[in-house]
C-alpha cells in the first residue's frame, strides 16, 4: 500500500509561487479578489510563506511552501463531528464537501492553518470560467476545503495504469504544484517505496517536518537550507 | 368572579405569588415590546446571514470562531444558575433556598435553548445540522457536547417541572385561566400527605442526579477547546475552570433575576436581605476561586515559557487584548471581592452591582479565551484583528432579549416562587430545624452510659 508524501527542498525554492497558481487553477480554488484579501479570507491550498529571521544587518528570508501536511495522525479528522474529513488507507486526508456542516472545528484543530473556509459563495472571473477543471468539484459556501494532494490525479493515473494493465509508476501521479515547480523543489511519490525519490529524500539528513514536536507526523518533508 | 378577584381573596403567600399571573402592568408590556422588537431584529440579522453565508460576520482566517461561540459558552454558563445551585442547596438542606429555587430553575431551562442554538447560528451549513445525527463521529468533542447538553436540558426541565406540580394543582383547583394548561400540567395531582411524600422522594433523587450532569456539560464545553493543540486552549485546567466559571456567572445571573423580580412584583418579603447576603457569600467564594484558577492557569503558561503559548499570553497581559483582559480581572475579581467581602455592601444593591460586574466579566473571559488564541496560531501566521459585524452583534442582542422575554412570559404563567415549599417551610421546617440543631449538640453522657 502506498503512503503518498512530498519533499520540498527549501534550497531550491525561489519563492516564485508557480505552485500556488498551478494549484489554484487545477483545483478550482475561488478567486476572492481584493475584498477577500483585505478581510483575510483568501483561500490558497498551497501557500508560499515568507519567513524573515533576525534583524538587520543579520537578516535571512526564506520561502516555505505550505500545502496540507497530510498528517499520519491528523488532529483535524478527530474533532470533526460528522466525519466529513478522514484519512484514507493511502494516507491522504480527504474532505467531503457535501457532508461538511461548516463548524470550523477542524480548521481550529489544525496546527498549520491550512484548512480554509468558504465565507462567501465562491466566484470566478469571466476569464477563469472556461478553464475550470471538470475533475474537481466546486465547493459551495459554508464548507471547509483544503489541499488533497490532487487526489483526482491519483484516480486518473490508476485508471490509466489499469487500462494498460501495468503497475502505477512514480511519474504517473504528481500533484499540480510539484509538476509546475520550475526549480523542481517539490518532489512527490510513495514514502514507503524505496525506489521513489521522496522515500530517499525524506531520509536525507537535511529533512525535517513542520512542528514535529506536536506528534502529528506530517507526510510533507522539508530539506533545510544549507549555508 | 374574575381571576384577579379569586387571587385577591387568598392568604398572603398565594395572593402575592399568584398575583403576577393575573395582573399585568403596562410597564410589563413596554418591556416585553422592547425585548420582542430586539429579538425580531436579531432574527432579521440571522436571515441576512442565512441568505449570504458567514461572510456577513467579522470572522476570517484564522479567527474561525467569534461572538457565537463566546455566547454559546456564556449562555450555557448562565444556565448553571438554576439547576446546579438549586440542587446543591436542596441536597445541603439549606432552608433559605425555599424562595429562590424556582426562579433559578427557570433560568436554566429557558437560557439553555438560547445557548444551544449558538453553535447552530455559527454553522456554515445550518441546513446540514442533522448530519450530526446521521453521520455521528463519536470521537468529536462536539458530539459529546450535543449529548451532554441534550441530557442536561431534559434533566433540568424535569427538575423544574416536578417541584412545580403541587403549585400547578393548586392553580388548577383555583380555576385560573388558561384552565386547560393547568389541568394538563397538574397531571391529576392531589395534594395528599402520601402524594407529597412521593413527590419529595422524587425531588431528592433528581437533585442528586442533575449535579453530575450539570458538571459534565461545562466540562465538555471546556474540552472542546482543551482537546485541540492550540496555545492556551490545550490545558488540563479547562474542564474544572469552565465548571467553576459557569457556577460563578450562574450565581450572578440569579442574583440579578432576584433583584428584578423583587422590584417588579413587590416580592421584598420573599427575596429578603438575608437571601442576598447568602447569595453574596456564595459569590464571594466563587470570586476567590476564580482568581485562584485564573492565576494558576496563567502562571503555568508563563513559567513554562513555550514560544507559541507566550505569544498568546502577552497579547492578553500587555498586547492588543490588554483592555478586555484587565477589564475582565476587574469585573471578575476586584469589584465583586471589594463589595462582597463587607457585610455592609452585601445588601440588595451591592450584590446586584457585583453580579452585573461578574456577568460582564465572565462574558469577557470567554472573549479572552476564544479570540486571542484564534489570532495566534502556531507557525506564526500573520493575522488581522477581529471586529464583530452588525449581524453578529444584532444576533447577540436578539438572543439576550429573547431569553429575557421568555423569562418574563414564564413569570406570567407560573409562580416564580414555590408556594408549597414556602408553606412547608412555615408549617414543618421551623420545627425540623429545631430538632436538627438539637441533634448536633453533645449527648448527655450520664444518660447515654446508663
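Rule-based calculations on the coordinates, nothing more; no lab input. Since the model is a prediction, treat every value here as computed from it, not as a measurement.
Odds and ends about this structure:
- Mean-position separation - Cα centroids, region B:96-122 and region B:145-177, in angstrom: 12 Å
- Helix-only mean residue ellipticity at 222 nm for chain B, each DSSP H run of n ≥ 4 adding -39500 (n - 2.57), per residue, nearest 500: -23000 deg cm²/dmol
- Taking the longest Cα principal axis of chain B as reference, the axis of helix B:67-78 is set at about 30 degrees.
- Cubic angstrom per residue, convex hull over Cα atoms of region B:150-216: 78 Å³
- Considering only B:335, B:129, B:22, the Gaussian network model of chain B with Cα springs below 10 Å gives its largest mean-square fluctuation to B:129.
- Overall shape of region B:344-396 was characterised from the C-alpha gyration tensor. The equivalent ellipsoid obtained from it has semi-axes of 34, 15, 6 Å, in decreasing order.
- Fraction in percent of alpha-carbon pairs per bin - 5 Å, region A:32-188: 1, 8, 13, 18, 19, 17, 12, 7, 3, 1, 0, 0
- Percent of Cα-Cα distances greater than 21 Å, calculated over region A:102-227: 57 percent
- For region B:369-440 versus region A:150-213, the gap between their alpha-carbon centres in whole angstrom: 55 Å
- Taking the C-alpha atoms of region B:293-450, convex hull volume expressed per residue in Å³: 244 Å³
- Averaging the Cα positions of each part gives two centres, and for region B:198-217 and region A:73-91 these lie 38 Å apart.
- Computed over region B:309-359, the Cα gyration tensor eigenvalues convert (square root of 5λ each) into semi-axes of 29, 9, 6 Å, ordered from largest to smallest.
- Averaging 1/r over every pair of different alpha carbons in region A:75-166 and inverting the result gives a Kirkwood radius of 14.9 Å.
- Relative to the longest principal axis of the Cα atoms of chain B, the long axis of helix B:165-174 makes an angle of roughly 50 degrees.
- Size-normalised alpha-carbon gyration radius of region B:1-101, reference 2.2 N^0.38 Å: 1.70
- Angle in degrees between helix B:193-226 and the longest Cα principal axis of chain B, rounded to the nearest 10: 10 degrees
- Considered as an equivalent ellipsoid built on the Cα gyration tensor, region B:100-235 has semi-axes of 37, 18, 12 Å, the largest given first.
- Ellipticity estimate at 222 nm from DSSP helix runs (n ≥ 4, -39,500 (n - 2.57)) divided over chain A, nearest 500: -5000 deg cm²/dmol
- Kirkwood-based Rg to Rh ratio, region A:152-216, C-alpha trace: 1.04
- Cα-based values for the protein assembly as shown, radius of gyration first and Dmax second, are 30.3, 105 Å.
- Viscosity 1.567 mPa s, 4 °C: Kirkwood-radius Stokes-Einstein D of chain B over Cα pairs, µm²/s: 55 µm²/s
- Descending Cα extents along the principal axes, region B:98-145, whole Å: 45, 21, 14
- For region B:186-257, alpha-carbon Rg and Dmax in angstrom: 18.6, 59
- Relative intensity, log₁₀ I(q)/I(0), of region A:111-165 from a Debye sum that treats every alpha carbon as a point, q = 0.15 Å⁻¹: -0.63
- Comparing A:181, A:100, A:16 in a Gaussian network model of chain A (Cα springs below 10 Å), the most mobile by mean-square fluctuation is A:16.
- Most mobile listed residue (B:101, B:300, B:351) in chain B, GNM with C-alpha springs under 10 Å: B:300
- All Cα-Cα distances of region A:1-101, cut into 5 Å bins from zero to the largest, leave 2, 10, 14, 18, 20, 18, 11, 5, 2, 1, 0 percent in each bin in turn.
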